[in-house]
Amino acid sequence: MKTMADQLYLSLWFPDFRMQALPEKLVSVLHQFARVSGNRRVSAANAYPISWNEVPSYQRIYVVDSRSEAGEESFAENAVAEATEQLFDDTAYEFEVRWPLWTPEGGEGLDVVWKEQPSIVRVIGYGPAFDDAAFESNGHIRVDFGLDSPFLLEQVELDSTDAQREQQKRLQQNIEKLVAFTLSVEKHCGISSRLLWTESGESIAQKLIDRLQRVN
């Protein structure tokens, strides 16, 4: 049975957190993303004052194609330093990065073609006074993976054994990236707790287990 696509998040809390440490923690999380994705560059950065309803007080979009290979402005440590040069308690700092996830293209069954497509991930650092202390439920840093669809791959019907094996392989590779990033953050970022969760409140762990059982 297919499930509805759901927003997927990873919330991170740090012990004895101080606002002055937010840039360092953001860089650390972004470095773990680079370790798993192979992408060191930030594609966009925003700073939102007070709440998400406000116009960004800072915004920059980076060119991350071959034209920018010689530049270092979009490297995580440099992008974070620029965006957080003015650090405010009532501001959320958002950094957009991308990683390749397997996505089906084409028709159904043997007509499906699997391609690695760049998928947007947003890493957000919360000031303690932003949006009525939203960090309490969202984490000092929240990672927004977008929809959980790439980690369930339920959008195509496969009618051959070979196609199903290919789907199983691609599904497992996507999930491995998610797990590798989560474990790398836990090991290297000095967090006190973490929570991988969905907007609907459904257990993502159970959804992943159920999905893997159906393709095995």
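Here is how the number arises for the chain: DSSP H runs of 4 or more residues each give -39500 (n - 2.57), the sum is divided by the residue count, and the result at 222 nm is -10000 deg cm²/dmol.
Extending 7 Å from the Cα toward the beta-carbon at both ASP89 and GLN7 defines two label points whose distance is 2.7 nm. What the Cβ-Cβ distance of ALA81 and ALA205 gives, at R0 = 45 Å and to the nearest 0.05, is a FRET efficiency of 0.80. Take the chain, connect every pair of alpha-carbon atoms lying under 10 Å apart with a spring to form a Gaussian network, then pick out the residue of SER149, SER200, SER43 with the largest mean-square fluctuation. Evaluated over the chain, the most mobile residue of the options is SER200.
Relative protection proxy for 140-146, 49-55, 193-199, from highest mean packing down: 140-146, 193-199, 49-55 (other beta-carbon atoms within 10 angstrom).
Relative protection proxy for 203-211, 23-31, 74-82, from highest mean packing down: 23-31, 74-82, 203-211 (other beta-carbon atoms within 10 angstrom).
For the chain, find the longest principal axis of its Cα atoms and tell me its angle to the long axis of helix 204-215, 0 to 90°, nearest 10. Computed tilt is about 20 degrees.
GNM on the chain, alpha-carbon springs under 10 angstrom: the most fluctuating residue among GLY139, GLY190, GLY127 is GLY190.
I'd like the orientation of helix 22-37 relative to the chain: the angle between its Cα long axis and the longest Cα principal axis, in ° from 0 to 90, rounded to 10. Helix 22-37 and the main axis of the chain meet at about 20 degrees.
For the chain, the relative contact order is 30 percent, taking Cα pairs closer than 8 Å that sit 6 or more residues apart in sequence and dividing their mean separation by the residue count. Put simply, the amide H of THR91, placed in the peptide plane, has neighbours under 5 Å in ILE50, GLY127, ALA129, PHE130, leaving out anything fewer than 5 places away on its chain. Applying 1/(1 + (r/R0)^6) with R0 = 45 Å to the Cβ-Cβ distance of GLU24 and GLN164 gives a FRET efficiency near 0.50.
At an R0 of 35 angstrom, the distance between the Cβ atoms of SER192 and VAL63 translates into a FRET efficiency of 0.40.
Values quoted throughout were computed directly from the atomic coordinates according to the rules given, and no laboratory measurement underlies them. Treat the numbers as computed from the prediction; the structure is a model and nothing was measured. Ideal geometry is used to build each Cβ from the backbone, glycine not excepted, and the neighbour counts take in all protein chains shown.
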